[in-house]
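What follows is a single structure, written as structure tokens, with notes after it.
Every read-out reported here was derived from the displayed coordinates using simple, explicitly stated rules and does not represent laboratory data. Keep in mind it's a predicted model, so treat the numbers as computed, not measured. Neighbour counts are summed over all protein chains in view; Cβ atoms, including those assigned to glycine, are modelled from backbone coordinates with ideal geometry.
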Amino acid sequence: MIKRTVRQIQSMIKVENDLTAFQEVSIDGVSIDSRKIAPGNLFIPFKGEHSDGHRFVEDALKTGAAAALWQKDVPNPPANLPIIIVENTLEALQELSRSYRNELDVKVVGITGSNGKTTVKDMTANLLALKYKVQKTEGNYNNHIGMPLTILSLDEDTDIAVLEMGMSGRGEIEFLSRLARPNVAIITNIGESHLQDLGSREAIAAAKLEIIEGLKENGLIIYLGDELLLSEGMSHYTGNADVKTFGRLSTNDLYPVELETNQNGSRFKINGEETEFSLPVLGGHNVLNALSAMLAAQYFQIPFHEMNNGFSGLKLTNMRMELAEGKNGEKIINDAYNASPTSMKAAVDLVSNLPDYERKILVLGDMLELGEKENEFHFEMGKYINPEKVDYVFTFGRLGEEIAAGARTVFTAERVFSFTDKPALIEQLEKYTNKETLVLVKASRGMKLEEVVNALIE
């Protein structure tokens, strides 16, 4: 993590006050939460509409912070303490991270996309760790606040940082890319998330392609070649980066030539390589995620035939295709972190095609941020489910009712249940589970369907 004196911090950001008395104070990491101050931290308060972190500055200094930023327009900064006054604390955080990143001799892999960003981040970090010291985005620290914090957490001897880049609107990915200056940029796919803000998949594709704006000279761009919107966007690229594609189609640079999935993960082979790869992650769609990570690792001189060693210890971030066992012996796939029509169809396909289960149940909730066609997307999702491969459909939420309505066009009514009350859903669901049952739980994060998973387990 960043270790600098106040004197050095002054050279990295614009400071508005005289810090002569505190020049040799040492900063050891940063924190934006006064409850989580570690000794030596630089505390960075934010001024919001409903709360102001500046009121916790003195407490942070008492509990171990070495210094604190202070926004210029906030009155009464504490006297005789190591307070660094700046025009805007958020912008100062971002500028400090930009300066720190530029001082580091670190390579960066930047990852964006509608689905699969976190999974690809985890896979890429595991593969690169075969040869390098690697750090990656933790949790959901992938936005205009989280990424600067991630960069400032990097050790000076880190070889490669794997950074996830999220967004809610145009311009955000470009900002993050210019901040991180990636050597490799990965675009996992284009889905329907953010239709509410951006209006069309074409606009989403354009927003994701912003990741190449900060790409370093002679870098590498990796994208899903099966996605026409990305291929069309990249057809206008005139930079000097190498470009590699992955996907199911043989027109891509990397694609699977054999693929077998089961409840333990996937086994696959790729074009031009004899090695059979074993991926301990559920879902054939995650093989595509793995291909993008493999291209990034190859760029850093890790040969394909060594990559099974990186896949073998792979653990994905929580609530992404986690397999658990319930108290009735049922197997539960917890994919409750997020959802879009693309990712939900992939999860439904996974369950539909897994063998060795007498009963398969889908528990599906609202997919959020889909814009004016949200009802249509949910209804079509229900119609998409194959009643010959799935036994029961349970839905939760207002939009979940649309999934149920769509499902009733292909299922008999007694096989579809719709709820807006979570305890009632859990009570009914438990009547249908036993050791021969597979349950998929998936919805957008705001629906908190992990509560259903926890109820089945506990």
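Points worth noting:
- Note on His305 and Asn353: the model spin-label points, each 7 Å out from Cα along the C-beta direction, lie 2.9 nm apart.
- Cut-off 19 Å (backbone N to label point 7 Å along Cα→Cβ of Glu414), residues of the range 358-395: 359-362, 387-395
- Relative packing of peptides 14-21, 349-356, 105-112, 37-44 - highest average C-beta neighbours within 10 Å first: 105-112, 37-44, 349-356, 14-21
- Net +/- balance of residues flanking Thr137 in space, Cβ distance below 12 Å, scoring K and R +1, D and E -1: 0
- Across the range 115-240, C-alpha contacts under 8 Å between residues 6 or more apart give a mean separation that, scaled by the residue count, equals a relative contact order of 23 percent.
- Spin-label model, Thr5/Glu451: points 7 Å from Cα along the beta carbon direction are separated by 5.3 nm.
- Rounded to the nearest 5, the antiparallel percentage of DSSP beta bridges internal to the chain is 25%.
- Per-residue ³J(HN,Hα) for the range 269-285, Karplus 6.51 cos²θ - 1.76 cosθ + 1.60, θ = phi - 60°, Hz, x for Gly and Pro: 10, 10, 4, x, 9, 7, 4, 9, 9, 10, 10, x, 9, 5, x, x, 5
- The phi torsions of the range 109-125, fed into the Karplus equation with coefficients 6.51, -1.76 and 1.60 and a -60° offset, translate into couplings of 10, x, 10, 9, x, 6, 9, x, 4, 5, 4, 5, 4, 4, 5, 4, 4 Hz, rounded to whole numbers, with Gly and Pro shown as x.
- With a Förster radius of 25 Å applied to the C-beta separation of Val243 and Lys389, the computed FRET efficiency comes to 0.10.
- Along the range 351-362 the Karplus relation, 6.51 cos²θ - 1.76 cosθ + 1.60 evaluated at θ = phi - 60°, assigns HN-Hα couplings of 4, 4, 9, 6, x, 6, 10, 6, 9, 10, 10, 9 Hz to successive residues, with x for each Gly and Pro.
- Distance between the pseudo-spin-label points of Asp159 and Ala38 (7 Å out from Cα toward the beta carbon): 2.3 nm.
- Full-extension gain in nm, Arg55 to Ser168, via 0.36 nm per residue minus C-alpha separation: 37.7 nm
- Remark: the chain carries a charge dipole of roughly 420 debye about the Cα centre, counting +1 on each Lys and Arg Cβ and -1 on each Asp and Glu Cβ.
- Cross-link pairs beyond the 18 Å C-alpha cut-off, checked among Lys121/Lys269; Lys383/Lys431; Lys345/Lys442; Lys14/Lys72: Lys121/Lys269; Lys383/Lys431
- Each helix, a run of at least 4 DSSP H residues, gives -39500 (n - 2.57); summed and divided by the residues of the chain, these come to -9000 deg cm²/dmol at 222 nm.
- Principal axes of the range 141-205: Cα extent on each, largest first, Å: 42, 21, 16
- Highest average first, the peptides 372-382, 306-316, 214-224 ordered by how many other beta carbon atoms sit within 10 Å of their residues are 214-224, 372-382, 306-316.
- Mean Cβ count within 10 Å, highest first, over the residues of peptides 60-73, 113-126: 113-126, 60-73
- Full-extension gain in nm, Ser312 to Arg178, via 0.36 nm per residue minus C-alpha separation: 44.9 nm
- The range 4-162: relative contact order in percent, alpha carbon pairs under 8 Å with at least 6 residues between: 20
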